[in-house]
Amino acid sequence: MDWTTTQLVGKSLPNGQDVKCRDRESVITKTDQGNAAKDRTIQISICGSTPLLWRSVDIKQSRDEVGVIGTLIGSLARQPRQNNRLGRPLEILKEEARLLLETGEATDVRHPDKSKKVSESGESHLNAVQFYQARLDRSYEEQCSLALEEKKAVLHRVMDEKQNSNEGPERAVRERLCSLEKSFSFPRSAMAVQLCTARAGFSHCPEELAFLAADWPEPRDKRSEARFRVYKDLRRKGFYLTAAGKFGGDYLVYPGDPLRFHAHFIALCMPMDESSPLSDILTIARLGSNVKKTVLLCSPRDPSDSQVEGDVVYSSLQWSGMV
């Protein structure tokens, strides 16, 4: 909103100009609200069949407002050769991504809204490339000067160390320092390039995004539908869920944020009409007892079965020992 419009609103001007100012203020306010709503939409990037969150604002919003935990799988920019602390992107469950997309909390960056998509002309794309190349050239010149100054500082330090020695080595260093301006070269391959992590992603090219997300969405079977319905029902009840592959289940179920609570349940999702060997049931029940968690057998209810209450039937298992 410009300053002139703010000052003119509310004053009586001839020829109905005050009405036009009010209309203009209303249009600007609606535009700002639309942009704010767009920025608050979580953007999900797809790599293969894996949904990822790249933007830090999306990661924070998904955890604080939606309850999506996920797992950081990227390396830190300043410490790339370690895996104790990880960074972006955040890998989320397929069920989490599907629920976010269905509820409108998120959008798939592969398929933006056509009404909001702005087609980039060839001329604007060429201008963007030229601007980026010019910025790289300026960065290269700055890094050349910095590298030259650093080289001079090293030679000056060597000269200071050799002041008490004989004159021969000091003269050679002085001659090298004098000819450094002409002989110094900084290879372009050694230039440091800044990565724009504020809009991090694999690519902004639509063709490459479509190629990376070729396996999304995955074909849905009874097993995947059961997992999604169980996830949706537990999230509706206020529980937090993470992957439970190392515990032999589908989800770890937390009563609150995993940073504050331990998981209470191991959820194992299976269709209502699916049979499971008794040995598998005993194995998962014993495992849950060893890690001090209750195993939940979660089976989505058949819509045609009116005798069962709720969307999902839960059965708890606890290991009490061998008889």
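The values are calculated or read from the model by the stated rules, or taken from the named source; none is laboratory data. Just so it is clear, the structure is predicted and the values come from calculations on it, not from any experiment. Cβ: placed from backbone, ideal geometry, glycine included. Neighbour counts: every protein chain shown. Remember, those area values only see protein heavy atoms, side chains included, never the ligands or the DNA or RNA. Shrake-Rupley method; radii C 1.70, N 1.55, O 1.52, S 1.80 Å.
As a rough guide to protection, the peptides 247-256, 152-161 ranked by mean Cβ packing within 10 Å, highest first, stand as 247-256, 152-161.
A probe of 1.4 angstrom, applied to the heavy atoms of all protein chains, finds Ile92 with accessible area near 10 square angstrom.
When the alpha carbon gyration tensor of the range 249-311 is reduced to an equivalent ellipsoid, the three semi-axes, largest first, read 24, 18, 8 Å. Once a ≥ b ≥ c are taken as the square roots of the eigenvalues of the Cα gyration tensor of the range 38-112, is the result rounded (a/c under 1.5), prolate (a/b larger than b/c) or oblate (a/b not larger than b/c)? Verdict is prolate for the range 38-112.
Considering only DSSP states other than H, G, I, E and B, which trypsin sites (Lys or Arg not before Pro) in the range 239-320 qualify as loop sites with at most 13 other Cβ atoms within 10 Å? Those satisfying the criteria are Arg260, Lys292.
Report note on the peptides 61-68, 310-317: ranked by the mean count of other C-beta atoms within 10 Å, highest first, their order is 61-68, 310-317. For the peptides 82-88, 126-132, residues were scored by their other Cβ atoms within 10 Å and the scores averaged per peptide; the highest-first order is 82-88, 126-132.
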